Amino acid sequence: MKINNLEKLSFGLGGGVNAIKTDFFVWYLGAYYLTVLGLNPILTGTALLIALFVDAISDPLIGTVSDRIKSKFGRRHLFMSFSLLPISITYYMLFVPEPDWSENQIFLFFWLVIFAILTRFSVTLFDIPHRALAAEIPDTYEEKAEIMSMREGFQSIIALSHSFIILPLININGDDNWASVGAIGSVLMFVFGLISIIGTKSLIPNLYKWPESQKSKSSFVEIRKQLKFVYSNKTIILFLVGSIAIQLAWGLANSLTFLAQTQFWGLSALQIQDFIKIYFLSTLLSWFLVPRLVRSIEKRTILISSLFIIGLFQSIPFLAYKLGLAPQVGSDSLVIFLSFFIFITGTFSLISLMTRESMVPDIIDQVHKESNLRQDGTISALTSFCAKCMTGLGQFFSMFVLWMISFPARDIDATLEQKEMLAIFQGPIILLLFLIPIFIFTRYKLDRAKHKKIIEDLKT
């Protein structure tokens, strides 16, 4: 299916809904609840893990229903439209817990649990249909990489723009401006979602429609049977396990980054803001490279190579520090030094993400051939859940690490040993963790030739 530039832009901006939520959840939420509100790190991590367990149930259900629903607004756009107001309200509530509750760990814990669940569920109502829409648009192995890299590129740029806007407002030693941070994110998510819905509604008549022959088979038993078929697919299982391993490692790294940059490297929020420019450059480069790489290199090879490079360059800054080769803590020269490594890891993390996302439509085509049903929403729920593992499992383990090293809350200074342990888990440990998904994806077998044969079989 061919889409025009306005539809591409509208579709891409829809990625901003998930991008803004994920940007805050991955980079700042842990620091906010730990250092500003004083919530115990184990309670913070447990709250986000509970929200992830809810996602494990809700994601496939939303994907399955969005595949089967019949509406004049389209099976995707209906869910996307209903999600926008709940997203804005529940996200904002994360930033305004009752003032007295900051002194009560249990009340604060339940506040985070409730609104983390509601925010993530509301974003899921938008994001899974949006991902499924992306899977339906392209046809070929290469086009799928192009459209998915476009989606992830937009998400990255919007997330970076969000960080660039809110960083001057962030103060980890006080809560004066955090409500403003929440209001900015809420408004932006609503606007981006609305633009995407309006700008892509012209695609609705051309999208795949659930077969009439299957409408009478929409009982719970039949849906469970179809879900079992999808999730017993060996390629899907391998992709799911490998992706969760990636998100666990990368989620741990990202969740500790803001604390490592401020507490270990001694950087200010304005110095960290300079890194946003580097991430912008890495986004543009990866956006340019991925479709071109996929034309000549198998997606599996690109992914595995990228993961190794990320782990290696994530480790080097701390090793340079221990060898006395890093610039002085808190200095502008340190910002320049770290910028090089951030550029490399940022570029290849996006290359790996875009490439891995482009594997999903290939898997959907394979399941379509085997089941005679195109279950874009059901399978797209996989990538939605995998992405949330970064803010669920990743955040839980990052909070567990902070608890394990007894990292202090609020305005208590950490010891040098605690700061170095923080940097170790944010650096060298990540390389070791990435070896797991590297091994898993060596077993991924759905390549260009196999996908071409699947498409040919579907057309006959």
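The values are calculated or read from the model by the stated rules, or taken from the named source; none is laboratory data. This structure is a prediction, so every number in the text was calculated from the model and none was measured. Note: ideal-geometry Cβ built from the backbone for every residue, glycine included; neighbour counts use all protein chains shown. Heavy atoms of the whole protein, side chains included, go into the accessibility calculation; ligands, DNA and RNA do not. Shrake-Rupley method; radii C 1.70, N 1.55, O 1.52, S 1.80 Å.
Things worth noting here:
- The criterion of at least 2 residues that are modelled with pLDDT of 85 or more, open to solvent by 60 Å² or more (accessible area, probe 1.4 Å) and of a type outside the set (S, T, N, Q) is met, among helices (runs of 4 or more DSSP H) falling completely within the range 175-281, by 178-200, 234-259.
- Taking the range 317-340 as the range and being open to solvent by 40 Å² or more (accessible area, probe 1.4 Å) and without any contact (Cβ under 8 Å) to a residue 60 or more places away in the chain as the test, the residues that pass are 322, 323, 324, 325, 328, 333, 336, 337, 340.
- Residue match in the range 80-99 (condition: modelled with pLDDT under 85, in a helix (DSSP H, G or I) and open to solvent by 10 Å² or more (accessible area, probe 1.4 Å)): yes
- Filtered residues of the range 27-71 (kept if modelled with pLDDT of 80 or more, over 18 Å from the mean Cα position of the chain (by Cα) and among the hydroxyl-bearing types (Ser, Thr, Tyr)): 32, 33, 44, 46
- Selection of the range 285-334 for residues being within 26 Å of the chain's Cα centre (by Cα), of a type in the set (A, V, I, L, M) and at pLDDT below 95 yields 285, 289, 290, 293, 294, 297.
- Among residues that are out of contact with any Leu (no Cβ under 6 Å at 6 or more places or on another chain), in a loop (DSSP other than H, G, I, E, B) and of a type in the set (S, T, N, Q), residue 314 is not included.
- Condition check for residue 267: out of contact with any Leu (no Cβ under 9 Å at 6 or more places or on another chain), closer than 23 Å to residue 418 by Cβ and aliphatic (A, V, I, L, M): no
- The listed residue being of a type in the set (A, V, I, L, M, F, W, C) and under 20 Å from the mean Cα position of the chain (by Cα), out of 405, 412, 454, 379: 379
Okay, residues lined up against (1) more than 15 Å from residue 122 (Cβ to Cβ); (2) of a type in the set (Phe, Trp, Tyr); (3) touching a helix residue (DSSP H, G or I) at 6+ places or on another chain (Cβ under 8 Å):
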position	(1), (2), (3)
31	yes, no, yes
43	yes, no, yes
48	yes, no, yes
51	no, no, yes
56	yes, no, yes
65	yes, no, yes
92	no, yes, yes
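- The residue that is surrounded by the most Cβ atoms within 10 Å (Cβ to Cβ), counting only those in the range 1-38 that are under 13 Å from residue 254 (Cβ atoms) and of a type in the set (Phe, Trp, Tyr), is 25.
- Every pair of residues 6+ apart whose Cβ atoms lie under 6 Å, when the first sits in the range 284-300 and is farther than 11 Å from residue 351 by Cα while the second is open to solvent by less than 80 Å² (accessible area, probe 1.4 Å): 295/142; 298/447; 300/441; 300/444
- Yes/no for residue 128 being part of a helix (DSSP H, G or I) and at pLDDT 80 or above: yes
- If the condition is being in a loop (DSSP other than H, G, I, E, B) and in contact with a Leu (Cβ under 8 Å, 6 or more places away or on another chain), then the range 1-37 contributes 1, 3, 37.
- Beta carbons closer than 7 Å, at least 6 apart along the sequence or on distinct chains, pair a first residue in the range 1-15 that is more than 12 Å from residue 201 (Cβ to Cβ) and at pLDDT 85 or above with a second that is surrounded by 17 or more Cβ atoms within 10 Å (Cβ to Cβ) and among the β-branched types (Val, Ile, Thr) for 13/195; 15/158.
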